[in-house]
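Structure, as structure tokens:
Here, each number is a calculation from the coordinates, and none is a lab measurement. Because the structure is predicted, anything quoted here is derived from the model rather than measured. Heads up, the Cβs are rebuilt from the backbone with ideal geometry, glycines too, and the neighbour counts pull from every protein chain shown.
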Amino acid sequence: MPFVTRGSLVTAGIAATAIAVGFAGAGIWSDVLCAPEASPVAAAPSSPDTGAHPRVMLAANTLQANDLLAIGIRGPQGGLVPVADTRLAQNQRPAQGQRPATPTPPPAGGPAQSGQPMNMGGDHSMPDAAFTLVTGIADGKLVYIGRGGKIDGQVNPTLEVNENDLVQITIINGEGAKHDVVIPDYRTTSQYVTGKRASSTVVFRVGSRGSYEYFCDVPGHRDSGMEGRIEVHPRAAPAAGGATSIVRDPAELPPPIPLRGPATVRFDLETVELEGKLDDNSTYTYWTFNGKVPGPFLRARVGDTVEMHLKNAKDSLMIHSVDLHAVIGPGGGAGLTQAEPGQELMFTFKAMQPGLYVYHCATPMVANHIAAGMYGMILIEPEAGLPKVDHEFYVMQGEIYMGNEAPAKGLQEFSVEKLLNERPEYFVFNGAPGGLTAEHPLHAKVGDTVRIFFGVGGPNFTSSFHMIGEIFDRVYSFASLSSPALTGVQTISVPPGGATMVEMKLHVPGRYILVDHALTRMERGLAGYMIVDGAPAPEIFHQGKAQ
């Protein structure tokens, strides 16, 4: 059964002695004479979509569904000009002589099993390495140009990864021609990007160390310069030192308050401005309470008298203050705590209502101070306290507004323009991307009961807080501890300046991911891990058929 190409080939005035047909990216071309009677092709009757130009028909004993068929024009001097391509549809697959559907195995010493395309189900894994390649032209050649991080501005950059990394590559069309990216050793191919600014993302897991190629398999593009290397290195131990981490460990919070009567309690906050680690390649000037984001978790009980002391560090450049949503009084205390560098101020308030409340700096521009990291939470426990659990965790969501596009290198400056336009470069848990994945994941065991105090510093975006693979047994909506809890909740909305308290019992071991279910924010750094150890529970969850 012959294969009929879709559409027709119009030479547009190019002097051609032959049409060349081949498999794109494979370097295999077969010349087909232009004469309709030439073998092995014959002319098909003209049709309305082809006008006077006959369609080319090719014996298909070497073709298979999803093959990319390339068409070029062979000029009088023997040069080949690729002019068109098409990927075979399933219903065009030949009845006989097909090539095997199984992919060619990778070379010896290559990725082997690790080279299988990544199934993005399961635990919704986060990539260990992410790269962005923009198509463009450099020195008269078609190329990929790195965007962000260590590869920023590099032509056909070498992508450096570690053994067994989960790798994400995004290709962005920078000039409007048709492109893709292919990593043959890992059996991975992106979708085509055909319009300017169109993009496609592929994810795959690398295997053992080695050097592997990536390229564009649109006919002629690789020969024109669109190719690079992926270098897989042995995984090294994490380097010591580096920039100061501002990430608050989610397990760092005071214990529940023992049963007692009303008391006078004192809290001390110090506002600290510092250059902290944003990611592996950049830092950011954070404004903090006590040097971490979020600020310390404060804990009191209904009926307590609270003395709030705020000291602004001597080396600060800005005036800072604190507004506690647990305060009943003008400004939540902000008007009484506008402390200049080196100054300490204080005020006293009565804890009147149980609940989980946000506090933040309220010095103009307030949104700037919050976005720089100046937020935290205070828990006012009910008189009878909270039910006992095995673990409590403290997590807050925030936004990073910086001038450069993420990822970037070096010290990053705040952008008021992006803040006002509500266009953050990062969404973060506890201050920095990777803060609750690489640095401080949450840990628990099968059978444990867990409580998460969750709040949104913002300053702009509502969170749809969700834990992939779990259902919250109890949710205290809007952190109201005097209202009955909701039960069996999958996702809970938390506005900027708001909070919630969720509780659950853990039944199945594994790695669970904390997310805002506006899931594009994962691509901007917003994810956390809860690692649950323990014995499998096949009666609840297992692979395969029912047992």
Next item on the list: Determine which lysines satisfy two conditions relative to residue 150: a Cα distance under 18 Å, and not lying fewer than 8 residues away in the same chain.
Entry: 277, 409
Next item on the list: Evaluate segment 277-337: find the radius of gyration of its Cα atoms, find its Kirkwood radius, and give the ratio Rg to Rh.
Entry: 1.04
Note to self: Whole-Hz ³J(HN,Hα) for each residue in segment 264-272, computed from phi via Karplus 6.51 cos²θ - 1.76 cosθ + 1.60 with θ = phi - 60°, x for glycine and proline: what do you get?
What the structure shows: 9, 10, 10, 10, 10, 10, 10, 8, 10
Next item on the list: Would you mind giving the average projected area, over all directions, of the Cα convex hull of segment 391-533 in nm² with one decimal?
Entry: 8.6 nm²
Next item on the list: Evaluate Rg over Rh across segment 208-344, taking Cα atoms for both radii and Kirkwood's formula for Rh.
Entry: 1.26
Notebook entry, point to check: If segment 112-233 were replaced by its equivalent ellipsoid, with semi-axes equal to the square roots of 5 times the Cα gyration tensor eigenvalues, what would those be, largest first, whole Å?
Noted result: 23, 15, 13
Next item on the list: For segment 530-542, take each phi angle, set θ = phi - 60°, evaluate the Karplus expression 6.51 cos²θ - 1.76 cosθ + 1.60, and give the result in whole Hz per residue in order, putting x for glycine and proline.
Entry: 10, 9, 10, 9, x, 6, x, 10, x, 5, 9, 7, 7
Checklist line | Projected area, mean over directions - segment 127-170, Cα convex hull, nm² | finding: 3.0 nm²
Item checked: Share antiparallel - DSSP beta bridges, segment 112-233, percent rounded to 5 -> 70 percent
Check: Can you sort 267, 393 so the residue with the fewest Cβ neighbours within 10 Å comes first?
Finding: 267, 393
Notebook entry, point to check: Among the DSSP beta bridges whose two residues both lie in segment 391-533, what percent are antiparallel, rounded to the nearest 5?
Noted result: 70 percent
Checklist line | Amide hydrogen neighbours beyond the local backbone of residue 396, cut-off 5 Å, H modeled | finding: 430, 455
Checklist line | Sequence-distant residues sharing a close amide H with residue 363 (under 5 Å, placed H) | finding: 321
Check: Which ³J(HN,Hα) values in Hz, rounded to whole numbers, follow from the phi angles of segment 199-204 under the Karplus curve 6.51 cos²θ - 1.76 cosθ + 1.60, where θ = phi - 60° and Gly and Pro get x?
Finding: 9, 8, 10, 10, 9, 8
Next item on the list: Please order 532, 389 by the number of other Cβ within 10 Å, starting at the fewest.
Entry: 389, 532
Checklist line | 5 angstrom amide H check on residue 513, placed H, neighbours 5+ away | finding: 468, 530
Next item on the list: Can you tell me which of 358-364, 496-502 comes out highest on packing, and rank the rest after it, using the mean Cβ neighbours within 10 Å?
Entry: 358-364, 496-502
Notebook entry, point to check: Looking at the square roots a ≥ b ≥ c of the eigenvalues of the Cα gyration tensor of segment 264-381, which shape do they give, rounded for a/c under 1.5, prolate if a/b is larger than b/c, or oblate?
Noted result: prolate
Notebook entry, point to check: In which sequence would 477, 208, 190, 463 go, from the one with the fewest C-beta neighbours within 10 Å to the one with the most?
Noted result: 208, 477, 190, 463
Note to self: If you take every residue apart from residue 466 with its C-beta less than 12 Å away from the C-beta of residue 466, what net charge results, scoring Lys and Arg +1 and Asp and Glu -1?
What the structure shows: -1
